[in-house]
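Asks: This is the structure, below, for whatever I ask next.
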Amino acid sequence: MFRYVTGMSHSVGPSDGSCPTQIFGWGFTDSVNPKVSFGGVEVRATYVDATTLSVETPGHISPRWGCTR
């Protein structure tokens, strides 16, 4: 199954990261080590459900684009 990101929701946060962000889409699965990539920097994600992941952004990376793994 393919994963597809349809959008993200986050507050404006500090440039050093740790900005709580929700990623919306479909095809997300509950795995042992879900990850999201922001500008090539991978961070651990928390599976919420098949349409939502929760992450904290890494530092100095715009949370505008995210890729799931």
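The values are calculated or read from the model by the stated rules, or taken from the named source; none is laboratory data. If you're wondering where the values come from, they're calculated on a predicted model, not measured in any experiment. The area values use the complete protein model at the heavy-atom level, side chains included, leaving out ligands, DNA and RNA. Shrake-Rupley method; radii C 1.70, N 1.55, O 1.52, S 1.80 Å.
Asks: Only one of (1) open to solvent by less than 80 Å² (accessible area, probe 1.4 Å); (2) modelled with pLDDT of 90 or more; (3) assigned to a loop (DSSP other than H, G, I, E, B) fails for ASP30. Which number is that?
Replies: Failed condition: (1).
Asks: If you check SER18, SER9, SER54, SER62, which single one turns out to be modelled with pLDDT under 90, part of a strand (DSSP E or B) and of a type outside the set (D, E, K, R)?
Replies: Working: SER18 fails: part of a strand (DSSP E or B); SER54 fails: modelled with pLDDT under 90; SER62 fails: part of a strand (DSSP E or B).
Checking each option against the conditions leaves just SER9.
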